[in-house]
Amino acid sequence: MKNGPWFLGIDLGTGSCKSIVVDEKGRVLGFGIGLYGGTDPESRWQEQDPRNLMDAAAVSVQSALTRADVARGGCLGLSMGGALHSILALDSRDNPLTGVITWADGRGLHHAEALRGSTTAIRLYQETGCPVHGMYPLYKIMWLREKRPEVFRATHRYVTAKEYVFSQFTGQFAVDYSLAAGSGLLNARKLRWSDSALELAGIREGQLSPLLSPAAKQGSLKPDVAHRLGIPESTPVVMGSSDAVNSSVGAGAVSASQATCMIGTSGALRVISGRPVFDENGRTWCYAIDEKHWLVGGAINNGGIAVSWLKDSLGPVMPPDQSPGELSIEHILDLAGQVPAGAEGVVCLPFFAGERSPNWNLNARGVFFGVTLEHDIRHLSRSILEGIGFRFRSLQDALAGIGLDIRQILASGGFAKSELWLQIVTDALNREMTVPRWSETSALGAAFWAMLGAGGLDRIEDAGDLVEQGKTYRPIPENAALYDQIYTVYLRIYQALLPAFDEAALLSGC
Ligand code: ADP
């Protein structure tokens with residue numbers, strides 16, 4: 001058993017809870033995962049059962065502690081990160097009136113769309129840093145108000161999944177600035193709840209949690225929770241941040257010239273800036289982290305989900321003798337690697353799940369352009385990966401347009417397992433991309449806030465020195481030059497199709 005001091009980071013993600021134990025130098029001693037049971041994968045509404053969250057958190061902490069084999073009294077602090085954009089309504093006894101409505105839930109889309117382009121939308125963006133989009137809880141509350149008035153009337157408070165679990169840990173409700181910002185209800189410059197957003201939602205400030213800085217110490221553990229986790233009640237609990245912020249901090253992207261490129265199911269390009277940065281065209285978002293830092297970036301719907309779509313479409317039609325077992329992502333990546341950069345003229349607009357940043361076009365749809373009889377599934381595979389790369393190029397350009405000149409990129413998410421995919425995105429962005437050695441960056445970032453709150457770190461920028469970096473990918477000049485040209489074509493195709501996207505949406509009744 002190790003006797004030195006240690007810190008605990010808990011990452012309450014959308015699909016699972018991950019916990020990490022690190023020593024004073026940020027070295028990983030143990031890691032554990034707890035899955036959320038009981039979510040209906042077929043549900044049109046993306047809700048999770050809040051009762052599963054605490055169980056998953058406890059399982060992940062216990063498993064990380066067992067693997068770390070540390071003296072339980074050595075914990076100098078713990079912090080919890082939470083997924084952005086979730087919301088849960090609680091009654092006057094703090095019992096759930098809804099499930100945890102996740103970012104992927106589509107109920108707020110129509111309320112958001114009704115505001116698009118209005119002066120209210122522009123004012124809201126300038127105040128909250130959130131473009132108009134139904135993923136923000138603001139619009140989900142508007143949906144509840146209209147469609148579930150009985151729930152809306154009975155709601156005593158609205159919380160995110162993390163606040164709910166945090167209250168079970170400490171007995172108190174509190175929220176950090178970035179999770180608050182992800183609701184669409186925070187004034188991003190003044191760091192207080194936005195009067196305009198509250199009015200639009202039709203709720204009072206008292207229905208939201210008190211705001212806290214992520215490094216703030218927020219009491220200690222309730223006895224039953226301490227007992228269940230197997231750590232002392234006196235363990236300092238630090239507020240912590242959101243998974244998006246933690247993913248950047250845990251990847252070591254802590255200055256404004258660095259960005260994290262995350263491709264998991266969806267994807268995002270994010271920068272930690274020392275000032276709030278807004279885009280007059282509302283292409284990017286800006287979430288407060290603390291009094292001195294803001295997370296600025298853009299997110300795409302179609303990351304790994306686009307590749308999974310191709311895999312899932314092909315799987316059932318493969319003759320049994322040619323598909324030993326299930327078709328995997330690795331098969332698709334292997335197919336993509338069999339054709340050269342540029343996919344021999346096939347260009348993919350990977351809007352299979354609509355578009356978020358930078359144009360927030362719900363009507364955009366997936367397109368394969370330039371397909372001839374000479375092309376086959378290998379070209380489609382490669383063009384999807386390249387199309388995702390071009391989506392990131394659009395985000396990079398949007399960030400450059402508001403003064404964030406990215407020089408170094410840190411990779412995170414499932415795509416970082418594939419050398420081919422990393423090289424394609426590196427070439428599309430024409431920037432060096434480095435893969436941190438520890439891939440669970442959100443959990444590591446949560447542990448860094450625990451360190452910061454407990455005095456083990458002076459500034460969050462210092463976390464960058466604790467992150468061990470792995471392989472760096474460099475742009476291949478001829479591929480980068482080719483992608484420059486194809487990107488122009490990609491943008492032309494997108495522009496040309498805008499009216500068709502809208503007409504097709506009307507026809508299909510969307
Ligand atoms: P999330 O946390 O969003 O669920 P992950 O970060 O785990 O997602 O990434 C999942 C994505 O990673 C999948 O959609 C898939 O496209 C991609 N992926 C899975 N396996 C591999 C692999 N071996 N190489 C590259 N990408 C992969």
| the stretch 334-427 shape via C-alpha gyration tensor axes, a/c threshold 1.5 | oblate
| said: To test your reading of the geometry: what angle, between 0 and 90 degrees and rounded to tens, separates the Cα axis of helix 304-314 from the longest principal axis of the chain? | reply: 60 degrees
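What's the extension gain from Arg492 to His227 if we count 0.36 nm per residue and subtract their Cα-Cα distance?
Values: separation 265, 0.36 × 265 = 95.40 nm, distance 6.01 nm.
Gain in length upon complete extension: 89.4 nm.
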| note | Under 5 Å from the placed amide H of Asn187, counting only residues 5+ away or on other chains, we find Arg192, Trp193, Ser194
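Given +1 on the Cβ of Lys and Arg, -1 on the Cβ of Asp and Glu, and no further charges, what dipole in debye does the chain carry about its Cα centre, rounded to the nearest 20?
On the way: 45 positive and 53 negative charges, 199 e Å.
For the chain, the charge dipole is close to 960 debye.
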| If you project the alpha carbons of the stretch 1-126 onto the principal axes, what extent comes out on each, in Å, largest first? | 59, 35, 30
| message | Quick check on the chain: helices-only [θ] at 222 nm, where DSSP H runs of length 4 and up contribute -39,500 (n - 2.57) each and the sum goes over total residues. Nearest 500, please. | response | -11500 deg cm²/dmol
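Using unit Cβ charges (K, R positive; D, E negative) and no other charged atoms, how large, in debye to the nearest 20, is the dipole of the stretch 6-240 about its Cα centre? Walk me through the numbers on the way to the answer.
Numbers: 25 positive and 23 negative charges, 67 e Å.
In total the dipole reaches around 320 debye.
Excluding ligands, DNA and RNA, what is the solvent-accessible area per residue of the stretch 111-238 at a probe of 1.4 Å, expressed in Å²? Write out the running numbers ahead of the final one.
Numbers: 4870 Å² over 128 residues.
Using a 1.4 Å probe on heavy atoms only, each residue of the stretch 111-238 averages 38 Å².
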| message | For a 21 Å ceiling on Cα separation, which of these pairs sit above it: Lys18/Lys162; Lys140/Lys311; Lys217/Lys292? | response | Lys140/Lys311
| query | Just the accessible area for Cys261, please: 1.4 Å probe, Å², rounded to the nearest 10? | reply | 0 Å²
| query | Could you give me the ³J(HN,Hα) list for the stretch 328-333, computed from phi with Karplus coefficients 6.51, -1.76, 1.60 and θ = phi - 60°, whole Hz, x at Gly and Pro? | reply | 10, 4, 4, 4, 4, 5
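Report, to two decimal places, the Cα Rg of the stretch 86-143 normalised by 2.2 N^0.38 Å (N = number of residues).
Details: Rg = 12.7 Å, N = 58, 2.2 N^0.38 = 10.3 Å.
That works out to 1.24 for the stretch 86-143.
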| request: Treating the angle as unsigned and between 0 and 90°, give the value, to the nearest 10°, between the Cα long axis of helix 119-128 and the longest Cα principal axis of the chain. | output: 50 degrees
| note | Between the alpha carbon centres of the stretch 242-305 and the stretch 390-457 the gap in Å comes to 9 Å
| task | Quick one: accessible surface of Val59, probe radius 1.4 Å, all protein chains present, in square angstrom to the nearest 10. | result | 70 Å²
| field | Accessible surface of the stretch 6-240, 1.4 Å probe, proportion on carbon and sulfur as whole % | value | 50 percent
| field | Under Karplus coefficients 6.51, -1.76 and 1.60, residue-wise ³J(HN,Hα) of the stretch 68-82 in Hz, glycine/proline x | value | 6, 6, 10, 5, 4, x, x, 6, 8, x, 10, 9, 10, x, x
| task | Take the alpha carbon gyration tensor of the stretch 6-240, find the square roots of its eigenvalues, order them as a ≥ b ≥ c, and report rounded if a/c is under 1.5; if not, report prolate when a/b exceeds b/c, else oblate. | result | prolate
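Scale the Cα Rg of the chain by the rule-of-thumb value 2.2 N^0.38 Å and send over the ratio, two decimals.
Computed over Cα atoms of the chain, the ratio equals 0.95.
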| Does the stretch 173-212 come out rounded, prolate or oblate by the C-alpha gyration tensor, with a ≥ b ≥ c the root eigenvalues, rounded set by a/c under 1.5 and, if not, prolate when a/b is larger than b/c and oblate if not? | oblate
| In Å², nearest 10: area of Tyr473 left accessible to a 1.4 Å probe | 20 Å²
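Accessible area per residue of the stretch 380-510 at 1.4 Å probe, in Å²?
Values: 5460 Å² over 131 residues.
It amounts to 42 Å² per residue over the stretch 380-510.
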| field | Simple spin-label estimate for Lys2 and His156 in nanometres, 7 Å along Cα-Cβ | value | 4.2 nm
| note | Out of Leu198, Val165, Asn52 - ranked by how far each Cα lies towards the positive end of the dipole of the stretch 6-240, with unit charges on the beta-carbon of charged residues - the top one is Leu198
| said: Apply the Karplus curve 6.51 cos²θ - 1.76 cosθ + 1.60, θ = phi - 60°, to the phi angles in the stretch 402-409 and return the couplings in whole Hz, x for Gly and Pro. | reply: 10, x, 9, 8, 7, 9, 10, 10
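Subtract the Cα-Cα distance of Glu24 and Glu432 from 0.36 nm times their separation in residues, and report this length gain in nm to one decimal. Intermediate results must be reported in sequence, preceding the final value.
Values: separation 408, 0.36 × 408 = 146.88 nm, distance 2.96 nm.
Gain on stretching Glu24 to Glu432: 143.9 nm.
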| Angle between the Cα long axis of helix 161-170 and the longest principal axis of the chain, 0 to 90 degrees, nearest 10? | 20 degrees
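Sorted by accessible area with a 1.4 angstrom probe, largest first, how do Lys162, Lys2 fall? Before the final figure, lay out each step's value.
On the way: Lys162 5, Lys2 95 Å².
Accessible-area ranking of Lys162, Lys2, largest first: Lys2, Lys162.
With a 1.4 Å probe and all protein chains kept in place, how do Phe390, Phe369, Phe152, Phe352 rank by accessible area, largest first? Let's see the in-between values first.
Values: Phe390 5, Phe369 100, Phe152 40, Phe352 65 Å².
Greatest to least solvent exposure: Phe369, Phe352, Phe152, Phe390.
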| query | Considering amide H positions built from the backbone, and no H for Pro or chain starts, which residues 5 or more places from Asp176, or on another chain, come under 5 Å of its amide H? | reply | Leu212
| field | Dipole of the stretch 6-240, positive end: most advanced residue of Gly219, Ile20, Ile10 [Cβ charges, Cα centre] | value | Gly219
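Quick one: ranking Ile272, Ile476 by accessible area, 1.4 Å probe, largest first, what do you get?
Details: Ile272 10, Ile476 60 Å².
Per-residue accessible area, sorted high to low, gives Ile476, Ile272.
The values are calculated or read from the model by the stated rules, or taken from the named source; none is laboratory data. None of these values were measured; they are calculated from a predicted model. As a convention, Cβ positions derive from the backbone with ideal geometry for all residues, glycine included, and neighbour counts pool all protein chains shown. We work out accessible area using only protein heavy atoms, side chains counted, and drop any ligands, DNA or RNA first. Shrake-Rupley method; radii C 1.70, N 1.55, O 1.52, S 1.80 Å.
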